[in-house]
Amino acid sequence: MIRSHLFRLPSRRIAVISLARRFNAHAAVSPKKPDTAPLSHIRVLDLTRVLAGPYCTMLLADLGAEVIKIEHPVRGDDTRAWGPPFAAPLPEVEQALEEGYHGESAYFLSVNRNKKSLALSFQNEGGRRALRRLAAECDVLVENYLPGTLARYGLGYDDLRKINPRLIYASITGYGQSGPYSSRAGYDVMVEAEMGLMHITGEQDSSPVKVGVAVTDLTTGLYAQSAILASLYGQERRGGRGEWLDLALSDCQVATLTNIASSALISGMGGKGEMKDSGRWGTAHPSIVPYRGFETMDGYMMIGGANDNLFGKLCRVLGTEEWITDPRFVTNRDRVKNRDLLEELIETRLKTQPTKYWTDALEGTGMAYAIVNNIPQTLSHPHVLARSMIQETPSHPICGPLPVLGPAVKYSESTVGVRMPPPVLGQHSREVLMGLCGMSQEEVQKGVEEGWVRCWDGVHAGEQDDGNGNGSRVKLVE
């Protein structure tokens with residue numbers, strides 16, 4: 001039975017994937033050797049959940065690292081339950097799945113490709129023993145538990161460095177390993193609020209709002225990836241030693257305030273008084289006019305007249321050349337002073353024609369402009385498709401091939417990208433425990449019976465009567 005909140009391949013999605021395949025097939029990319037992934041020699045032990053940590057480890061996996069994702073043996077990563085939407089199982093396997101299974105969460109699928117799933121609990125000594133063996137075989141460990149949590153189980157940095165002195169151990173937390181807030185749980189939206197981002201986001205005369213995606217989590221994931229790569233690069237200079245990387249969402253958020261923070265810091269220098277708060281500006285720029293989103297007859301578009309020359313070009317497109325010499329608008333300083341009047345005049349003019357009229361008129365002028373697209377429009381945008389930003393995974397064992405976002409960086413020689421679909425919970429438990437930890441089949445089975453490990457061995461057809469005279473059905477094996 002197909003549930004209404006599961007997603008299949010609607011016609012629009014088929015069209016997007018079809019276009020993506022067509023553009024990707026004709027992309028001018030030099031032939032690459034299959035072994036040129038930059039991190040193909042690196043193994044990562046991933047003890048992270050939700051977004052910041054999984055995003056970091058997915059980026060490492062895209063670069064070729066072998067990433068072993070540790071998940072709770074019953075519920076897995078928290079985001080496996082975050083939906084709808086869920087990717088629906090293939091019709092031929094759906095009847096075999098356990099009651100209450102909703103499909104694979106789109107949230108989980110977004111940041112867990114190219115990883116292996118080991119469903120294991122470290123609250124059991126057998127699980128802790130397996131993790132220590134794994135840590136001895138890995139180059140990098142990434143975790144996002146509250147400070148001190150893993151140390152209580154003998155899995156902290158000081159514990160594991162004794163087993164593997166080369167281990168690079170990255171800890172991602174809300175507020176870091178030190179400081180008055182270090183014991184607080186860290187959530188993206190809370191850090192956005194606490195560390196200034198929410199205050200500067202939203203319209204000038206409205207309440208503060210959060211950013212549309214969990215940008216603090218994503219930024220922290222990017223910082224974590226960069227820190228890990230830097231530590232790997234500098235490892236031999238440290239005599240081969242690993243190190244502990246302390247990453248905090250709060251630090252990463254404050255660091256990305258950049259020019260906004262600099263303006264406040266500089267305004268308060270030299271005893272000039274208190275630091276000035278820039279406040280919220282919506283889509284506008286505090287120091288450049290015009291530079292914001294405007295409404296047209298049928299939508300919205302961004303326009304940026306970042307200097308006097310560009311402002312003149314805009315005036316000619318709008319048919320308002322008289323504004324070029326109007327003393328209220330001659331220089332950017334004049335335009336900033338008369339912001340409200342000028343922006344109202346521009347929007348009144350833009351509302352007389354549909355968006356496409358204005359984009360066609362602005363094309364080739366050198367003006368900075370853009371349509372405000374929604375998400376489906378973005379994902380089917382011809383430039384997005386031409387840049388291979390929509391790709392397809394190899395077949396997922398339950399859901400088949402899945403559309404995913406492609407890597408943002410293109411390499412002329414290195415091989416990066418989507419190699420594996422996001423894993424089923426426990427899909428690689430046997431492979432990892434027997435292959436890397438040296439456990440026997442019997443030892444793994446004992447772990448299953450004791451409840452500290454879960455093994456998913458696939459979905460296959462088997463002869464079994466369902467009680468209604470149907471002798472053949474598909475069976476889920478665990």
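The values are calculated or read from the model by the stated rules, or taken from the named source; none is laboratory data. The model shown is predicted, which means the values in this text are computed figures rather than measured ones. Here the Cβ positions follow ideal geometry from the backbone for every residue, glycine too, while neighbour counts run over all protein chains shown. These area figures cover heavy atoms from the full protein model, side chains too; ligands, DNA and RNA do not enter into them. Shrake-Rupley method; radii C 1.70, N 1.55, O 1.52, S 1.80 Å.
Of the labelled figures [x] 26, 55, 16, 3; [y] 19, 46, 28, 6, 0; [z] 22, 54, 22, 3, 0, only one reflects P(r) over Cα pairs in 20 Å bins from 0, in percent as derived from the coordinates, namely [y]. Exposure check, 1.4 Å probe, all protein chains in place: Ser105 carries approximately 0 Å² of accessible surface. Considering only Phe122, Thr220, Gly451, the residue lying farthest towards the positive end of the dipole of the chain is Thr220, judged by Cα position with unit charges set on Cβ.
Quick check: with the 1.4 Å probe, what order do Tyr291, Tyr55, Tyr300, Tyr157 take by accessible area, largest first?
Values: Tyr291 85, Tyr55 50, Tyr300 125, Tyr157 25 Å².
Accessible-area ranking of Tyr291, Tyr55, Tyr300, Tyr157, largest first: Tyr300, Tyr291, Tyr55, Tyr157.
A full extension of the chain between Glu322 and Ala255 corresponds to an added length of 19.8 nm, given 0.36 nm per residue minus the alpha carbon distance. For chymotrypsin sites (Phe, Trp or Tyr not before Pro), the sites in segment 67-132 that DSSP calls loop and that have at most 16 other Cβ atoms within 10 Å are Trp82, Tyr101. Per residue, the chain exposes an accessible area of 51 Å² to a 1.4 Å probe, with every protein chain left in place. When only Cα pairs below 8 angstrom with a gap of at least 6 residues are kept, the chain shows a relative contact order of 20 percent. Sorting His285, His428 by accessible area puts them as His285, His428; the probe is 1.4 Å, largest comes first, and only protein heavy atoms count.
A crude spin-label estimate for the pair Ala370 and Ala264, with each label 7 Å from Cα along the Cβ direction, gives 2.5 nm.
Heavy-atom accessible area, probed at 1.4 angstrom with all protein chains present, ranks Met420, Met297 as Met297, Met420, highest first. Report, in degrees rounded to the nearest 10, the 0 to 90 angle that the Cα long axis of helix 52-62 makes with the longest principal axis of the chain. It is inclined by approximately 80 degrees.
As a fraction of the 1.4 Å probe accessible area of the chain, surface on carbon and sulfur atoms comes out at 54 percent. A Förster radius of 30 Å combined with the Cβ-Cβ distance from Ala136 to Thr36 puts the calculated FRET efficiency at roughly 0.60. Restriction of the GluC sites (Glu not before Pro) in segment 201-251 to DSSP coil positions whose beta-carbon has at most 13 other beta-carbons within 10 angstrom yields Glu203.
Report the extension gain between Arg166 and Thr348 in nm, rounded to one decimal, defined as 0.36 nm multiplied by the number of residues separating them, less their alpha carbon distance. All intermediate terms of the calculation are to be shown ahead of the outcome.
Working: separation 182, 0.36 × 182 = 65.52 nm, distance 6.35 nm.
Net length gain for the segment: 59.2 nm.
For Glu71, the residues whose modelled amide H falls within less than 5 Å of its own, excluding neighbours fewer than 5 places apart on the same chain, are Leu118, Ala119, Leu120. A straight line joining the Cα centroids of segment 123-144 and segment 39-71 runs 14 Å. To the nearest 0.05, how large is the calculated FRET efficiency for Val336 and Tyr411 if R₀ is 51 Å and r is the Cβ-Cβ distance? It comes out at approximately 0.75.
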